[in-house]
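Reading through the structure tokens given below for one structure.
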Amino acid sequence: MPETYYVDCDCGSQLRVELYHAGTDRACPSCSKSVMIPDSITLREMSGDKYPYLRPIEKVRQTARAGEAPFNGLCHGCNSTQAQFATPCCLTVMEERVVASDGGIRPTLTGVALHTASSEEHYTATSFPLLLCEQCQSRFQSDRFFARLKSKLKLAALLGLLGAFLYFVYYNAEVVAALAGLIWLVGVIAWAAGFRDTKKFPAYLNRWFENIRWLPEAIADEDEFSLTVGQSKAIETI
């Protein structure tokens, strides 16, 4: 979700623009006058961005460490109430992948040896809290519970298909067994594909992260990352 910026027109109206509009002319929706949109750095500074030169993930890391907005205590759910609960989150992104060996065939004293390709990956972890008021915390916990329940139901369905397959094989129902085996195989492939996903992000978190400034951009910008979410605690006990 790209961040939105606002530029004043001489008529008193505001133009709603995004970063890719920087340096261009835009027509004011009220008076149709052409308004020059500032450069990207100026746009960020006008919006209160203290770190216009940093990447979104670096801004999240810096503001969370310093306790600055958007991590200054306001609820990330409603943006209108002081937060009472904090849920620790950690976004780990791959910063660099270095090829250590390209593999291939290497000559040796006794013949040749086959070497597999290898690489080194460097990750950076960014910790930040999801801050919620009591009412939003209740909705968050509900979303989290049903997301976990859905995951368990998928696993149960997969095991059920496996059981059906084994049952029909035992009773030599070849056609039904083949069909059940095919369905089970498709389910296993879909389940295993989740482990190969380079962006491990639970869908239920979308609505809770969308109001945290720079975080949606940080997630969208990264090619490979994983996200861990800890247990919520009352802020007074942290």
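One residue stands out among those in the stretch 3-26 that are within 22 Å of E210 (Cα to Cα) and out of contact with any Phe, Trp or Tyr (no Cβ under 9 Å at 6 or more places or on another chain): the one that is least open to solvent (accessible area, probe 1.4 Å), which is Y5. A single member of Q135, Q82, Q141 is modelled with pLDDT of 75 or more, open to solvent by 60 Å² or more (accessible area, probe 1.4 Å), polar (S, T, N, Q) and touching a Leu at 6+ places or on another chain (Cβ under 7 Å), and it is Q82.
Of the residues F71, F85, which is over 29 Å from V7 (Cβ atoms), touching a helix residue (DSSP H, G or I) at 6+ places or on another chain (Cβ under 7 Å) and of a type in the set (F, W, Y)? Don't jump to the end; show me each part of the working.
Details: F71 fails: over 29 Å from V7 (Cβ atoms).
Of the residues listed, the single one that is over 29 Å from V7 (Cβ atoms), touching a helix residue (DSSP H, G or I) at 6+ places or on another chain (Cβ under 7 Å) and of a type in the set (F, W, Y) is F85.
Do you know which of the residues in the stretch 4-43 that are in a strand (DSSP E or B), aliphatic (A, V, I, L, M) and in contact with an Asp or Glu (Cβ under 9 Å, 6 or more places away or on another chain) is farthest from P56 (Cα to Cα)?
Start the filter on the stretch 4-43 by keeping residues that are in a strand (DSSP E or B), which leaves 4-8, 14-18, 25-27, 34-36.
Checking which are aliphatic (A, V, I, L, M) leaves us with 7, 15, 17, 27, 35-36.
Within this subset, residues satisfying the condition of being in contact with an Asp or Glu (Cβ under 9 Å, 6 or more places away or on another chain) are 15, 35-36.
Values: L15: 23, V35: 27, M36: 25 Å.
Of everything passing the filter in the stretch 4-43, V35 is farthest from P56 (Cα to Cα).
Of all the listed residues (F165, F195), the sole one being more than 30 Å from E68 (Cα to Cα), crowded, with 17+ Cβ neighbours inside 10 Å and modelled with pLDDT under 80 is F165.
Cβ separations smaller than 6 Å between residues 6+ apart or across chains give the following pairs from the stretch 202-214 residues that are closer than 15 Å to S80 by Cβ to residues that are part of a loop (DSSP other than H, G, I, E, B) and open to solvent by 40 Å² or more (accessible area, probe 1.4 Å): N211/N79. Go through the residues of the stretch 225-237 one by one and say whether even a single one is farther than 30 Å from A86 by Cβ and at pLDDT below 80. Within the stretch 225-237 (the criterion being farther than 30 Å from A86 by Cβ and at pLDDT below 80), the answer is no, since none of the residues qualifies.
Scanning the stretch 30-67 for residues that are in contact with a Leu (Cβ under 7 Å, 6 or more places away or on another chain) and open to solvent by 30 Å² or more (accessible area, probe 1.4 Å) yields S40, Q62. Only one entry in A125, A180, A147 is modelled with pLDDT of 80 or more, touching a Phe, Trp or Tyr at 6+ places or on another chain (Cβ under 7 Å) and either assigned to a strand (DSSP E or B) or more than 29 Å from A66 (Cα to Cα) (or both), namely A147.
Residue-wise test of (1) in contact with a strand residue (DSSP E or B) (Cβ under 7 Å, 6 or more places away or on another chain); (2) touching a residue at least 60 places away in the same chain (Cβ under 8 Å); (3) among the acidic types (D, E).
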residue: G12; (1), (2), (3): no, no, no
residue: R16; (1), (2), (3): yes, no, no
residue: T42; (1), (2), (3): no, no, no
residue: P56; (1), (2), (3): no, yes, no
residue: R61; (1), (2), (3): yes, yes, no
residue: E68; (1), (2), (3): no, no, yes
residue: H76; (1), (2), (3): yes, yes, no
residue: N79; (1), (2), (3): no, yes, no
residue: A83; (1), (2), (3): yes, yes, no
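The values are calculated or read from the model by the stated rules, or taken from the named source; none is laboratory data. None of the values given here were measured: they were computed from a predicted structure. All Cβ positions, even for glycine, are placed from backbone atoms using ideal geometry, and neighbour counts span all protein chains on display. Note: accessible area is taken over every heavy atom of the protein model, side chains too, but ligands, DNA and RNA are not part of it. Shrake-Rupley method; radii C 1.70, N 1.55, O 1.52, S 1.80 Å.
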